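We did not get these values from a lab; they are worked out from the coordinates using the rules stated. Worth saying up front: this structure is predicted, and the values here are computed from it rather than measured. Cβ placement follows ideal geometry from the backbone for every residue including glycine, while neighbour counts extend to all protein chains displayed.
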Amino acid sequence: MLYDKKGRQIATADELAEALGIDASNIRNWARRGELKDRVVESPRRVFYYLDEVQRLNKAKIEIRKKRGGAPRKKGTAA
């Protein structure tokens, strides 16, 4: 992982997905839908996301699923 100019950790969607045990497409979809507001775009193919923001959003998504009565999804299982 890298750090931005303010010292916040940043990483690619693939790196964050591996570290957090989620799918990289979730991170990209959250950004596309505007749920992840901050990101560092070096080029269309080189986008970095903030670790703390992805963790916060992932935790919120898990809590929503728990409140609805569903178990958290596990990576690699069909929906």
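Worth a mention:
- Along the chain, the longest continuous region that contains none of the trypsin sites (Lys or Arg not before Pro) in a DSSP loop with at most 10 other C-beta atoms within 10 Å is 7-32.
- Each of 62, 22 was scored by other Cβ atoms within 10 Å of its Cβ. Arranged with the fewest first, they read 62, 22.
- The relative contact order of the chain, computed from alpha carbon pairs under 8 Å that lie at least 6 residues apart in sequence, is 27 percent.
- Estimated from helical segments only, the mean residue ellipticity of the chain at 222 nm is -13000 deg cm²/dmol, where each DSSP H run of four or more residues counts as -39500 (n - 2.57).
- Matching label, Rg and Dmax of the Cα atoms in Å computed from the structure shown, candidates (1) 27.3, 81; (2) 13.1, 41; (3) 25.5, 78: (2)
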